[in-house]
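As structure tokens, the structure follows; a few thoughts come after it.
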């Protein structure tokens with residue numbers, strides 16, 4: 001996999017990631033090294049707001065033309081904002097790479113930020129905020145973040161109605177001019193394309209401004225609480241704990257611990273909570289690992305009366321892993337992780353997103369060493385990490 005990968009930083013500071021494939025499809029993205037992690041409390045949601053607005057028009061293209069130029073050539077267009085990255089991407093037949101590069105670069109260089117469109121898009125974001133709150137599982141996962149980190153990082157990066165209302169066109173323009181510069185941009189292409197052609201396009205169509213990023217302030221904490229809500233028939237709970245950041249080799253140990261605990265139907269919490277005790281339907285584990293923060297979590301949907309029992313199961317399984325984890329179980333879970341990694345590489349879009357996130361976290365050159373790094377984790381590494389002393393816990397329960 002590594003043989004066909006290239007990474008290059010141009011003189012103007014723009015970073016290009018390229019992975020050659022034979023299939024006649026290309027996944028293309030322009031991404032900016034910014035997100036919720038760079039926001040102050042009174043501007044939460046500005047990165048996400050800017051992402052929405054870049055699809056609303058440029059001097060060359062209105063909204064319909066932006067989507068039409070991609071979709072009418074058989075492509076799909078979308079974007080996302082996370083803590084470290086704001087990305088604009090499309091997946092399109094390889095012969096239309098020029099169109100993809102032209103549309104996406106136009107969006108990221110020349111947004112209009114029209115006042116009337118901003119007014120309309122605020123309403124869309126308000127609905128997104130409501131959607132996240134109304135969905136119990138999403139809300140629970142959002143809330144645990146604030147139980148692990150102090151403000152402003154602990155605040156939800158989508159913002160609130162108050163913060164979104166306070167974001168004016170002037171604030172967005174200022175943010176855009178400071179951050180959306182070649183030095184902060186990553187261009188990633190995965191598919192059947194020519195690297196030299198991509199590099200020439202990027203060098204020709206972007207200036208030389210390096211730009212800057214706001215300072216990051218992160219404070220870790222642990223907190224436990226429950227919240228009651230009318231209209232629910234199920235309790236939703238999350239158990240989470242801090243783990244090593246992505247540049248620490250122990251982050252691979254944390255991925256394996258998450259796998260053993262709650263990833264898939266053969267995981268320990270799944271087997272104990274669902275198969276043996278019939279306490280839950282939805283059980284999942286997650287590793288959120290970046291260069292500035294990292295945590296594992298276990299999510300369970302269960303009955304209100306079973307919250308304490310499920311929490312005890314999670315703590316007990318961690319204790320058991322720290323004492324009795326076998327080499328056989330460790331190797332089995334390594335194979336699960338590696339297998340899913342290989343499956344994710346089947347799709348050019350998934351590989352593109354993984355490369356972008358790896359670059360944003362400073363480890364793009366190590367991305368294709370993932371399997372090697374997972375296999376290098378030792379039994380005692382996982383046992384020691386399972387000795388969790390501090391954790392955060394949140395449960396949303398029926399009133």
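The values are calculated or read from the model by the stated rules, or taken from the named source; none is laboratory data. Not measured: the values here are computed from a predicted model. So basically every Cβ, Gly included, is an ideal-geometry build from the backbone, and we count neighbours across all protein chains shown.
Residue 18: touching a helix residue (DSSP H, G or I) at 6+ places or on another chain (Cβ under 9 Å) and under 20 Å from residue 109 (Cβ atoms), yes or no? Spelling it out, it is not the case that residue 18 is touching a helix residue (DSSP H, G or I) at 6+ places or on another chain (Cβ under 9 Å) and under 20 Å from residue 109 (Cβ atoms).
Any chance segment 299-306 includes a residue that's within 28 Å of residue 358 (Cβ to Cβ) and either in contact with a helix residue (DSSP H, G or I) (Cβ under 8 Å, 6 or more places away or on another chain) or part of a strand (DSSP E or B) (or both)? Yes, segment 299-306 contains at least one residue that is within 28 Å of residue 358 (Cβ to Cβ) and either in contact with a helix residue (DSSP H, G or I) (Cβ under 8 Å, 6 or more places away or on another chain) or part of a strand (DSSP E or B) (or both). Just one of the listed residues (209, 162, 221) is without any contact (Cβ under 8 Å) to a residue 12 or more places away in the chain and either over 25 Å from residue 14 (Cβ atoms) or surrounded by 13 or more Cβ atoms within 10 Å (Cβ to Cβ) (or both), and it is 162.
When 125, 138, 158, 92 are checked against the criterion of being within 30 Å of residue 194 (Cβ to Cβ) and either assigned by TED's automatic domain parsing to the domain that holds residue 25 or touching a strand residue (DSSP E or B) at 6+ places or on another chain (Cβ under 9 Å) (or both), 92 stands alone in meeting it. Here residue 80 fulfils each of the conditions (1) surrounded by fewer than 19 Cβ atoms within 10 Å (Cβ to Cβ); (2) at positive phi apart from (2). The set of residues from segment 309-328 being over 30 Å from the mean Cα position of the chain (by Cα) and closer than 25 Å to residue 138 by Cβ comprises just one member, 309. Candidates 262, 280, 254, 240: the one that is surrounded by 14 or more Cβ atoms within 10 Å (Cβ to Cβ), in the same structural domain as residue 394 (by TED's automatic domain parsing) and over 30 Å from residue 371 (Cα atoms) is 280.
If you scan segment 22-37, which residues turn out to be buried (at least 17 other Cβ atoms within 10 Å of the Cβ) and under 25 Å from residue 77 (Cβ atoms)? Within segment 22-37, 25, 26, 27, 28, 29, 30, 31, 32, 33, 34, 35, 36 meet the criteria. Inspect segment 65-81 for any residue being under 17 Å from the mean Cα position of the chain (by Cα), more than 27 Å from residue 212 (Cβ to Cβ) and touching a residue at least 12 places away in the same chain (Cβ under 8 Å) and give the result as yes or no. Yes, that holds for at least one residue.
Suppose we filter 318, 356, 330 for residues that are more than 23 Å from residue 378 (Cβ to Cβ) and assigned to a helix (DSSP H, G or I); which single one remains? Selected residue: 356, the only one of 318, 356, 330 that is more than 23 Å from residue 378 (Cβ to Cβ) and assigned to a helix (DSSP H, G or I).
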